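Worksheet: one structure, shown below.
The values are calculated or read from the model by the stated rules, or taken from the named source; none is laboratory data. Not measured: the values here are computed from a predicted model. Please note: Cβ atoms are built from the backbone with ideal geometry, for glycine as well, and neighbour counts cover all protein chains shown. In case anyone asks, the SASA skips ligands and DNA or RNA and just uses the protein heavy atoms, side chains included. Shrake-Rupley method; radii C 1.70, N 1.55, O 1.52, S 1.80 Å.
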Amino acid sequence: MAASFPVPPPLHWRVSGASGGNVGYYECIITNTVSTNISFPAPLSLLVSTATNISLADDPIVGFGDSVTPPVGQDVTKTIDGTLAKYLNNGANGIVAPFTGPVGYVTSPNAGNTLVTAMRFFAASDIPGRDPADYLLEGSNDGINFTAISSGALALSDVRNENLTDPIDVTDQVLQEVDFPNSTGYFTYRVTFNNVKDERFRHQCAIQRSAIARLRGEHRPGIERATLGTQTFYADAGQNFAGASVSAYGVSPFSYQWYQGANPLAGQTTATLSAITNVQVANAGSYYCVVSNLYGGTNSTAVTLNVIAAPPIILTQPSGNKTMYVGGTLTASVTVTGTPPTLYQWYVGATALPGQTTANLKYKTTSLADAGAYSCVISNEFGATNTTSLNLTLIPLPAGSYVASVAASAPIAWWRLDETDNGSGNTGTIATTISAVMMASTPTSRWASPVTALSTRTPPPDLPSPAPTSASLAASAGLISPTLRLRIPGCSRWKLGRIRL
């Protein structure tokens, strides 16, 4: 008669709220009155990364550091074939002890640019002491120059993944995950191992790559170019920001959104950020672009606009120094830019000139006391700016002189009859020709010939005016000095003046 035994129900245990402290391997000890058995260890790995696997079986990959050819079925392609099959690398000494690194592989995902943020190392079926003890992950965009992304020690469990044909399955296999920050995408990756786990196996004839490094990350866009640095502008100074641009690569199609700080900019949804004309305080901040594709978004580096709210900026200063006769009118002007409203006040020395509160000064002198340094203070809500000084020299009018008589009639402009240098470098160069009509003041006025035109001369700086109208007239000897009424074409007024013959 055959004996029968009751079959016990399956046993289950649960770890709730798993954290780093729960990582390890769990066994169940089963005993009865006859014997004791221990279950196969069940691994508990804490997986943080939710990124996808970027290494696929058909990606280009080459191994390095092995001085002999790996056995059939244990070549470098096994690191990305999606199974637990192992990769054997004997190191620089081949099958002769001791093992010498570095060894590893280089792969370029067919997806193009990727952003790796984690790696998973799966234990193979070899001796635990031959596991790699450390790793180095590097990235490159030209396949020549590599940049370190992450490195550190490894501590794979002695528990093995036995079935080499099993596909990768994170829910029921022995592995170690390493996570690291990374914001730079690359086309090519190099994984390097330098040491084995157990020093005793440095005297073995081979090193088994008993862990398969699986790159995990995202096919997010990489950004090849972005406008960098900080630019400084003055508010409302008429200065322009030229804009910025980015160039993305990776899995297309891409979408673009530019930001000013945390705020998306309406309409700025191309690879180029529009220029800003007449930069103002509100334009200050950091500008960057988020380039996105199906797998996520990547932030470009930022260009920062510093905008200084400053007093008015003077574009044109009052010109030069001037010499005038007392009674003349001093004119000067200044042009500025800056944040409005803009206020003006002209000064002579430290004394404010009443009523002179525009960008243009027009001040009639009355005495020698009006001589001095004339300047303007321009201000807005952010401060004030002083112009350079215009130094005015005044010459008294000699009583009863020809100069005094001409000035008394307030001509538009005039020139000395002898047309000699007045001491300021003005030689009386002909400026234009004006029409004139002669009207004799007395019936006895006589002229050598009819007057049809008068040659006008550039006015000297002692009595400046808007238009040169002084004249000289050649006449026959012995003629009297008539009073002429001159009409300037284009002017609406007649002006009396006396011409000495």
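Structure values in brief
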| read-out | value |
| --- | --- |
| Criterion: without any contact (Cβ under 8 Å) to a residue 40 or more places away in the chain, within 19 Å of Thr387 (Cβ to Cβ) and not in a loop (DSSP other than H, G, I, E, B) - qualifying residue of Gln356, Gln345 | Gln345 |
| Restricting the stretch 294-313 to residues that are at pLDDT 85 or above and not in a loop (DSSP other than H, G, I, E, B), the residue that is most open to solvent (accessible area, probe 1.4 Å) | Asn299 |
| Search result, residues across the stretch 314-336 that are under 43 Å from the mean Cα position of the chain (by Cα), part of a strand (DSSP E or B) and buried (at least 17 other Cβ atoms within 10 Å of the Cβ) | Ile314, Ala332, Val336 |
| Subset of the stretch 47-62 (residues that are in contact (Cβ under 8 Å) with a residue 40 or more places away in the chain and more than 37 Å from the chain's Cα centre (by Cα)) | Leu47, Leu56, Asp58, Asp59, Pro60, Ile61, Val62 |
| Matching residues in the stretch 156-176 - criterion: being touching a residue at least 60 places away in the same chain (Cβ under 8 Å) and open to solvent by less than 30 Å² (accessible area, probe 1.4 Å) | Ser157, Val159, Asn161, Gln173, Val174, Leu175 |
| Any hit, the stretch 64-81, residues being within 25 Å of Val170 (Cβ to Cβ), part of a strand (DSSP E or B) and either open to solvent by less than 50 Å² (accessible area, probe 1.4 Å) or small (Gly, Ala, Ser) (or both) | no |
| Residue within the stretch 357-373 that is modelled with pLDDT of 95 or more and of a type in the set (Phe, Trp, Tyr) present | no |
| The stretch 195-217 - residue that is over 42 Å from the mean Cα position of the chain (by Cα) and at pLDDT 50 or above and, of those, surrounded by the most Cβ atoms within 10 Å (Cβ to Cβ) | Val196 |
| Members of the stretch 126-153 found to be over 30 Å from Ala248 (Cα atoms) and open to solvent by 20 Å² or more (accessible area, probe 1.4 Å), listed by number | Asp126, Ile127, Pro128, Arg130, Ala133, Asp134, Gly152, Ala153 |
| Scan of the stretch 98-132 for residues that are in contact with a Pro (Cβ under 8 Å, 6 or more places away or on another chain) and outside any strand (DSSP E or B), ordered by number | Ser108, Asn110, Asn113 |
| Test: residue in the stretch 233-240 that is over 30 Å from Tyr374 (Cβ atoms), modelled with pLDDT under 85 and of a type in the set (Ser, Thr, Tyr) | no |
| In the stretch 69-84, the residues that are among the hydrophobic types (A, V, I, L, M, F, W, C) and farther than 20 Å from Arg190 by Cα | Val72, Leu84 |
| Scope the stretch 262-288; condition touching a Leu at 6+ places or on another chain (Cβ under 7 Å) and under 24 Å from Thr184 (Cα atoms); matching residues | Gly285, Tyr287 |
